[in-house]
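Here is the structure we will look at.
The values are calculated or read from the model by the stated rules, or taken from the named source; none is laboratory data. What you are looking at is a predicted structure, and each value in this text was computed from that prediction instead of being measured. Cβ sites come from the backbone with ideal geometry, for glycine too, and all protein chains shown count toward neighbours. For accessibility, only protein heavy atoms count, side chains too; no ligands or nucleic acids. Shrake-Rupley method; radii C 1.70, N 1.55, O 1.52, S 1.80 Å.
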Amino acid sequence: KSKKQSTVSRSSSEAEYRAMAQAASEITWLVRLLQELGVSNLTPVQLHCDNQSALHIARNPVFHERTKHIEIDCHFTRDKVLEGLLQLHYLPTASQVADILTKILPGPHFQELLSKLGMVTSSAHSSLRGGDEPILSLAAHFASQLLT
């Protein structure tokens, strides 16, 4: 989920790293809950990020002069990687499926991301607009409305 950060980041790497820390916190909570319910073999959880610098900070346990402005509580992600709870993977920006809900995308890219979500076009027509153009499945139609 998207959430406004409570602090101002000095770089895009720091902002991505903070977002990874938030995701790591939520993953930790979910894994613990599922383990209490008897579900096993949940780790490692794959966490994808499109910022290679943020991934490097999270993977490298050595403290660097360039990262001293990042608060200690943000190194929660690094701790979870070292514990084996998380595996971090690079995902190119163009492949970010969440972009379909947060950005205005060109038609072909929008269609590509829709297919990654398993959504297909439908031959049904909208009763409110009329016309001959096919509309997207309900969820895809909703996502497209969020972007306009």
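Just one of (1) at pLDDT 75 or above; (2) open to solvent by 90 Å² or more (accessible area, probe 1.4 Å) fails for Thr93. It is (2). Considering only segment 47-62, I want to know if a residue exists there that is open to solvent by 80 Å² or more (accessible area, probe 1.4 Å), under 26 Å from Thr102 (Cα atoms), assigned to a helix (DSSP H, G or I) and at pLDDT below 90. Taking every residue of segment 47-62 in turn, at least one turns out to be open to solvent by 80 Å² or more (accessible area, probe 1.4 Å), under 26 Å from Thr102 (Cα atoms), assigned to a helix (DSSP H, G or I) and at pLDDT below 90.
Picking from residues in segment 34-46 that are hydrophobic (A, V, I, L, M, F, W, C) and part of a loop (DSSP other than H, G, I, E, B), the one that is most open to solvent (accessible area, probe 1.4 Å) is Leu37. Picking from residues in segment 22-33 that are without any contact (Cβ under 8 Å) to a residue 60 or more places away in the chain and surrounded by 17 or more Cβ atoms within 10 Å (Cβ to Cβ), the one that is nearest to Asp99 (Cα to Cα) is Ala23.
How many residues are modelled with pLDDT of 85 or more, assigned to a loop (DSSP other than H, G, I, E, B) and open to solvent by 90 Å² or more (accessible area, probe 1.4 Å) if we restrict to segment 104-137? Adding up the residues that qualify gives 1.
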